Amino acid sequence: MSSISTNWHGFVRGSERQRETRLLALCAGLLLPWIVVLAATLPAHTVARNWSTAWSGFDVLLSVMLGLTAWLRRRGDSRVGALAGASAAMLLVDAWFDTSTSALGFDCAMAWFSAVFIELPLAVVCARIALRTDR
């Protein structure tokens, strides 16, 4: 009886994996025309409501993620991989938006400096932790 149960659970996981794979592939494909629409229609300049709240909130979340990643890493907790991967992604997003939205001059130079010497190297460290964590 246990072999039937094991096979059944394997089938359920496999079909769930297939459904998730199809969903993710569909979403990736559907994003392509949306990207074209955005590139063609978004203004080059805009004023954003709550700009400082959005950025400071993002940085608070990034700080919490990095702190939790460090804490789990120190403890040798296997859950560190998920947080490290999410932290790496957030660092890449931070670098992208900092460099692509900064004003020319000093702000742009600081954004590029932070991206090249802080955010991207730290993203590599986090990605390495995520990929090397035993699951």
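A few comments on the model shown:
- Net charge of Cβ neighbours under 15 Å - reference VAL125; Lys, Arg +1; Asp, Glu -1: +2
- FRET efficiency for the pair LEU30 and ASP134, taken as 1/(1 + (r/R0)^6) with r the Cβ-Cβ distance and R0 = 35 Å, rounds to 0.50.
- C-alpha long axis of helix 2-41 to longest principal axis of the chain, angle in °: 20
- Each residue, HIS45 and TRP112, gets one label point 7 Å from its Cα in the Cβ direction; the gap between the two is 2.1 nm.
- Folded to 0 to 90 degrees: helix 80-101 orientation relative to the chain principal axis, Cα: 30
- Among 35-41, 84-90, the peptide with the highest mean count of other Cβ atoms within 10 Å heads the list, and the full ranking is 84-90, 35-41.
- Angle of helix 120-132 to the longest C-alpha principal axis of the chain, folded into 0 to 90 degrees and rounded to 10: 0°.
- The residues neighbouring LEU62, those whose beta-carbon lies less than 12 Å from its own, together hold a net charge of -4 under the Lys/Arg +1, Asp/Glu -1 convention.
- Label assignment, volume of the Cα convex hull per residue in Å³ derived from the structure, set (i) 142; (ii) 119; (iii) 158: (iii)
- One chain, two ends: ARG17 and ALA70. Fully extended at 0.36 nm per residue, the span grows by 16.0 nm beyond their Cα-Cα distance.
- Each of ALA70, ALA88, PHE106 was scored by the projection of its Cα onto the charge dipole of region 68-108, and the greatest displacement toward the positive side belongs to ALA70; charges sit on the C-beta of Lys, Arg, Asp and Glu.
- A cut-off under 14 angstrom between Cβ atoms defines the neighbours of VAL93, and their net charge, with Lys, Arg +1 and Asp, Glu -1, is -4.
Laboratory data are not the source of any read-out in this text; all were calculated from the coordinates shown. Predicted model, so just to flag it, every value in this text is computed and none were measured. With ideal geometry, Cβ positions are generated from the backbone for all residues, glycine too; neighbour counts draw on all protein chains shown.
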